[in-house]
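As structure tokens, the structure follows; a few thoughts come after it.
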Amino acid sequence: MKLVGTIHTDLEGPRRLRRLLDRFQPEIITVEAPAGIPVEESLRIYEERNKRNARLVESLKGPKNIKQFYAEMCMLGVYELAVACGYAQGGKAQVYGADHPNYQRLFEYGGEETFLSVLKKEFSSMDPRMGSTPLALLRARYIASVDKGYSDPQAIKKMESRVAPDAKKSFEDIKQLVGVNPEEREQFMADEIRRRKPQLHVGGIAHVFEGYQDKIVPLYLLLGCLVTERIRLIEASPIRA
């Protein structure tokens, strides 16, 4: 079984993941999405949330380039599931969620009011020079930062440190609401993956490579000899479409 480690905010992620799936052509895929819920239903919920958040971005006052960038980030949400389902269309493969069901709450918590409050504070504290930076350059700089994170856990931590305090507090509130500690979640995913017997599992890089999580045994070690290969999603960049 191959484990593919992604960064959830990788703007190049959808293109990269589709290339990997087309290359390996797995018939059973597990994804870091809630188990026990049809993937089509999870995808519908996530896509509706993404569209709502993108509309909220567009409703704010601010530079057009920044709004476009943030809207694109909103639409990126849970791309791993969307790409896997797109690949599987027409019976080409079966896709299953393998994450703890409580983690559905990560995408339901807070609603529009919390998201809008965080956005407003992000926009108000933003460096004014960003408003004159071309969108293509903003994207390129961001992608370069994400790409570093595929080989350097500290680069991811550095990106996370820039998140607005309100957003950090919201995420801490979510973790309390979920009610599942990291060890339980990791073991649940390992058990669910064993049950589904996929040729390929797609999930966050913290579960697939060392250095991204502290004090817990990561997924790839819990799966042991079942894992034949671990792949960083960025490795798909040179694959020809």
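Our coupling estimate for region 218-235, obtained by passing each phi through the Karplus curve with A = 6.51, B = -1.76, C = 1.60 and θ = phi - 60°, is x, 3, 5, 6, 5, 7, x, 6, 5, 7, 9, 7, 10, 10, 7, 4, 4, 5 Hz, Gly and Pro reported as x. Positive-end ranking of Cys74, Ser132, Gln213 along the dipole of region 2-236, with charges on Cβ about the Cα centre, is headed by Ser132. Couplings for region 117-123, taken from phi via the Karplus curve 6.51 cos²θ - 1.76 cosθ + 1.60 with θ = phi - 60°, read 4, 5, 4, 4, 6, 4, 5 Hz in order; Gly and Pro are left as x. Can you tell which of Cys85, Phe123, Gly97 lies farthest toward the positive end of the dipole of the chain, using +1 and -1 charges on the Cβ of basic and acidic side chains (Lys, Arg; Asp, Glu)? With unit charges placed on the Cβ atoms, the residue in question is Phe123. Note on region 214-241 and region 181-209: Cα centroid distance 11 Å, given to the nearest whole angstrom.
Taken about its Cα centre, the chain carries a charge dipole of roughly 760 debye when the Cβ of each Lys and Arg holds +1 and the Cβ of each Asp and Glu holds -1. DSSP beta bridges confined to the chain are antiparallel in about 0 percent of cases. In the list (i) 155; (ii) 115; (iii) 126, the label attached to volume of the Cα convex hull per residue in Å³ as derived from the coordinates here is (iii). In this structure, the amide hydrogen of Gln94, modeled 1.01 Å from its nitrogen in the peptide plane, lies closer than 5 angstrom to those of Ile28, Ile29, counting only residues at least 5 positions away or on a different chain. For region 10-24, the Karplus equation 6.51 cos²θ - 1.76 cosθ + 1.60, evaluated at θ = phi - 60°, returns couplings of 7, 4, 8, x, x, 5, 4, 5, 4, 4, 5, 5, 5, 6, 8 Hz by residue, with Gly and Pro reported as x.
No value in this document is a laboratory result; all are computed from the given coordinates. Being a predicted model, the structure only gives us computed values, none of them experimental. A quick note on method: Cβ atoms are made from the backbone with ideal geometry, for glycine too, and the neighbour counts reach across all protein chains shown.
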